[in-house]
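This report concerns only the one structure given below.
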Amino acid sequence: MATLVARALDLLYPPRCVACAAFGRNLCEDCCDGLVPAAGPGRCPRCNVARDDQRHCRDCSGWRALDGARAAVEMSGPARRVVHGLKFSGIRDLADDMAGPLLPVVAALAPDAVYAIPLHRRRRLRRGFNQAEVLLDRLGWPAAPGRLERVRATASQVGLSAGERRENVAGAFRYRGPDLKGATVAVLDDVVTTGATASECARVLREHGAARVYAIAYARAPYRSPASGRSGD
Ligand SMILES: [Zn+2]
Ligand SMILES: [Zn+2]
């Protein structure tokens, strides 16, 4: 029944590509081909950021609790429209377009558990959903033990330096559940930028027994970019 309603709605309001507005799909094939994979040479092997060579960058040298970051695509062009389409326009089916290229990235890490980075209750209510939870749901990775929760609302990370971002999210999360007993764990968001939020989640998960924690995201944004402000952290 739900499918019939969805089909009828598709006829009345056919989906349009978020990047080029062509009718037919939320992300058309041409724009999908325009996505830049966040893989290959010219990336920091630890945090996955694009750079001139393949050496470790200085930006992630301060990461303590986080072992690395991995993403499916570069936060540019159509990817930016996809991220904003899910988060700000609420087109939840875009999470399927994001989960597709992300799944092999997650499978390569083979984490024992994946946690969506939680939003504070109030922000989740205002938005109606947490984009990271929707993405995790579409990813279809086995359910993780326990719960990662946000216990403190934090100011937006927009325009903050890496150090300010770290301070802003300190003490914002807690984990409730069984000991993680040396597990490899991943924390998921739509975009990874400085890794400050993921690092704070990682610190908490390590306190509860995780041995390795990675940040995983659909898109990798550069550390410093005037346009990356709205894209999370
Ligand atoms: Zn398109
Ligand atoms: Zn790096």
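Which of the residues belonging to the range 151-167 are part of a loop (DSSP other than H, G, I, E, B) and either touching a helix residue (DSSP H, G or I) at 6+ places or on another chain (Cβ under 9 Å) or open to solvent by 70 Å² or more (accessible area, probe 1.4 Å) (or both)? Outline the logic, then answer.
The initial filter retains those residues of the range 151-167 that are part of a loop (DSSP other than H, G, I, E, B), namely 151-161.
Hits for the range 151-167 are Arg152, Ala153, Thr154, Ala155, Ser156, Gln157, Val158, Gly159, Leu160.
Looking only at the range 128-156, which residues are among the polar types (S, T, N, Q) and closer than 27 Å to Pro111 by Cα?
Taking the range 128-156 as the starting set, the residues that turn out to be among the polar types (S, T, N, Q) are 130-131, 154, 156.
Within the range 128-156, Asn130, Gln131 qualify.
Leu11 passes every criterion in (1) away from ligand 2 (no atom under 15 Å from the Cβ); (2) part of a loop (DSSP other than H, G, I, E, B) apart from (2). State whether the residues of the range 102-117 include one that is within 16 Å of ligand 2 (Cβ to nearest atom), surrounded by fewer than 17 Cβ atoms within 10 Å (Cβ to Cβ) and of a type in the set (Gly, Ala, Ser). No, the range 102-117 contains no residue that is within 16 Å of ligand 2 (Cβ to nearest atom), surrounded by fewer than 17 Cβ atoms within 10 Å (Cβ to Cβ) and of a type in the set (Gly, Ala, Ser).
Give the residues of the range 22-57 that are charged (D, E, K, R) and either more than 16 Å from ligand 1 (Cβ to nearest atom) or not in a loop (DSSP other than H, G, I, E, B) (or both), sorted by residue number.
Keep residues of the range 22-57 that are charged (D, E, K, R), which gives 25, 29-30, 33, 43, 46, 51-53, 55.
Result: Glu29, Asp30, Asp33, Arg43, Arg46, Arg51, Asp52, Asp53, Arg55.
For the structure I just gave you, tell me whether Gly62 is surrounded by fewer than 17 Cβ atoms within 10 Å (Cβ to Cβ) and away from ligand 1 (no atom under 12 Å from the Cβ). So Gly62 passes the test. Looking across the range 168-193, just one residue is hydroxyl-bearing (Ser, Thr, Tyr) and either in a helix (DSSP H, G or I) or touching a Cys at 6+ places or on another chain (Cβ under 9 Å) (or both), and that is Tyr175. For the range 18-48, the tally of residues that are open to solvent by less than 50 Å² (accessible area, probe 1.4 Å) and either under 22 Å from the mean Cα position of the chain (by Cα) or within 16 Å of ligand 2 (Cβ to nearest atom) (or both) stands at 15.
The values are calculated or read from the model by the stated rules, or taken from the named source; none is laboratory data. Quick caveat, the model's predicted, so the values are computed rather than measured. Glycine gets a Cβ as well: all are built from the backbone with ideal geometry, and neighbour counts include every protein chain shown. Note: accessible area is taken over every heavy atom of the protein model, side chains too, but ligands, DNA and RNA are not part of it. Shrake-Rupley method; radii C 1.70, N 1.55, O 1.52, S 1.80 Å.
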